[in-house]
């Protein structure tokens with residue numbers, strides 16, 4: 001149990017960090033990249049494919065999304081006995097897993113239609129419809145990421161308050177010399 005307590009803080013911080021990176025990337029995509037990609041399909045899709053010829057969102061999001069699942073599960077296991085924190089971490093993990101499942105089921109097939117097959121296989125009308133569906137469904141992805149980020153941030157704050165700030169006086173006395181929290185902490 002003591003080993004689990006020692007890894008809980010680094011795991012929850014790592015998970016928080018990864019989720020914040022994912023959320024920031026999704027926000028950037030939503031408000032900066034997608035308006036350019038979906039400006040005038042199918043022509044803008046071709047331009048996007050040229051621009052994204054070296055690295056694509058598909059190179060970034062799936063590995064980082066998987067890493068978020070792994071660190072989220074690790075954080076959940078590490079804080080399992082701490083009920084208030086557990087529910088925040090579980091909610092965050094559920095939201096980011098829902099985003100991943102939505103991406104696999106809803107977005108990956110549309111990405112294939114728009115960016116792999118393109119005009120060689122589909123008509124301009126199909127590509128326009130697929131682009132509209134993608135953009136409309138993307139708000140679901142943004143909501144999942146926002147909910148995941150808010151939940152893990154709340155969970156981190158609860159964890160930090162319970163485990164770090166509200167440590168028993170005996171543990172505070174063992175703090176490093178000059179630790180201002182020791183002097184300021186209520187007795």
Tilt, helix 57-78 to longest principal axis of the chain (alpha-carbon atoms), in degrees rounded to tens, equals 30
In degrees, nearest 10, the alpha-carbon axis of helix 83-102 is tilted away from the dominant principal axis of the alpha carbons of the chain by 10
Summing -39500 (n - 2.57) over every DSSP H run of at least 4 in the chain, dividing by its residue total and rounding to the nearest 500, the 222 nm mean residue ellipticity is -23000 deg cm²/dmol
Taking the alpha-carbon centre of each part, the distance from region 33-74 to region 80-158 in Å is 12
Measuring from the longest principal axis of the C-alpha atoms of the chain, the long axis of helix 124-159 (C-alpha) lies at a number of degrees, nearest 10, equal to 0
Each label sits 7 Å from Cα toward the beta-carbon; between residue 21 and residue 117 the label points are separated, in nm, by 3.3
Per the 1/(1 + (r/R0)^6) rule, R0 = 22 Å and r from the Cβ atoms of residue 60 and residue 104, FRET efficiency to 0.05 is 0.90
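Quick note: the coordinates plus some simple rules give every number you see, no bench work behind them. Predicted model only: the values in this text are computed from it and were never measured. Note that each Cβ is placed from the backbone with ideal geometry, even for glycine, and that neighbours are counted across all protein chains shown.
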